[in-house]
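Data block below; observations after.
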Amino acid sequence: MSESIKGRAIIVTGAGRGIGAAMAHGLAADGAFLVIADRDEANARGVAEAITEAGGRAMAQPVDVTQRASVREMIKATVTAYDRLDVIFNNAGIAQTRPFLNITEEDWDQVMDVNAKGVLIATQEAARQMIDQGGGGKIINTASIAGKQGYDPLAHYCASKFAVVALTQAAARAFGKHRINVNAICPGVVATDMWKVIDKGFVDEGLTTKENEAFDNFASTVLMGRPSRPEDMVGVARFLASSASDYMTGQSLMIDGGMVLV
Ligand code: NAD
């Protein structure tokens, strides 16, 4: 058990499934106190219950990260339950497949709203709380390999993830004086339900012919020879939430098995 995150109050958004759920399980196993925040309340409850049954501490919190009032409510509930907020993982996100020429303003707004504006709002509200409680804290954003490299037919998704990398750097500059570290993780191809959406989009747009083809094509470029499991994110998440990363800020770490070498 890592002593350095034991008892830390940690919010993970988008923790109802996928990468967020895996990170929440891993952090709770190390003794952190978790808030499982997701717009899918039933999934959030399921993850919180599973953590509690495994002997950890977690509560479920419904949130829509695009809505400031909802994000404020999430932070208030965290402080009410655990007295403070030590760490937030801004992990909630959505993806959509659309060839470059077909992206509509509505598509753009939808993806940017959750992935970019959602990170802006939650970073602002979390930082306010951390400053109010005397400074110190960790803000960890989920960007992507798509935050380092543009892909068609995911241009708007990529733009939103480049935005997350930019927000990570800007927030690191804004909050360093308050001893708040702001970093990001950049997963590669992770086997989650998000890929069902991306894959279906490839098929619907006539870009691939069968389910999983897009996933397999992307995964075939992974140097480690396999796509990622959500659990592959846990080690770095633990490091970024702990005092081991106290002197690191503004960084976006590739956890992609070697897809994008930067
Ligand atoms: P997922 O679809 O399995 O999970 C995303 C979760 O976010 C869901 O539980 C969903 O309900 C929640 N969510 C969506 N919009 C929300 C909102 N407005 N408010 C609150 N919750 C909301 O996806 P995942 O693969 O676990 O992705 C998690 C993060 O990792 C995302 O930011 C995604 O862009 C990023 N990512 C995923 C991959 C991958 O290959 N799966 C790769 C790189 C980055």
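The values are calculated or read from the model by the stated rules, or taken from the named source; none is laboratory data. As the structure is a prediction and not an experimental result, all values here were calculated from the model. Note that we place each Cβ from the backbone using ideal geometry, even for glycine, and neighbour counts take in every protein chain shown. Side chains are part of the model used for accessible areas, which takes the heavy atoms of the whole protein and leaves out ligands, DNA and RNA. Shrake-Rupley method; radii C 1.70, N 1.55, O 1.52, S 1.80 Å.
Considering only residues that are over 30 Å from residue 131 (Cα atoms) and among the small types (Gly, Ala, Ser), look in segment 177-207 and name the one that is farthest from the ligand (Cβ to nearest atom). For segment 177-207, the residue satisfying everything is 206. Residues that are open to solvent by 60 Å² or more (accessible area, probe 1.4 Å) and farther than 27 Å from residue 197 by Cα were ranked within segment 9-61; the one that is farthest from the ligand (Cβ to nearest atom) is 55. Residue count for segment 114-129 under the criterion of being open to solvent by 20 Å² or more (accessible area, probe 1.4 Å) and over 18 Å from residue 158 (Cβ atoms): the result is 3. Candidates in segment 78-113 are the residues that are open to solvent by less than 20 Å² (accessible area, probe 1.4 Å) and in a helix (DSSP H, G or I); of these, the one that is nearest to residue 131 (Cα to Cα) is 78. Of the residues making up segment 62-77, those that are open to solvent by less than 30 Å² (accessible area, probe 1.4 Å) and either touching a Ser or Thr at 6+ places or on another chain (Cβ under 6 Å) or among the charged types (D, E, K, R) (or both) are 63, 65. For the subset of segment 1-46 comprising residues that are in contact with a Gly (Cβ under 6 Å, 6 or more places away or on another chain) and assigned to a helix (DSSP H, G or I), which member is farthest from residue 139 (Cα to Cα)? Filtering segment 1-46 for residues that are in contact with a Gly (Cβ under 6 Å, 6 or more places away or on another chain) and assigned to a helix (DSSP H, G or I), the one farthest from residue 139 (Cα to Cα) comes out as 43. Of the residues making up segment 203-212, none is surrounded by 18 or more Cβ atoms within 10 Å (Cβ to Cβ), modelled with pLDDT of 95 or more and small (Gly, Ala, Ser).
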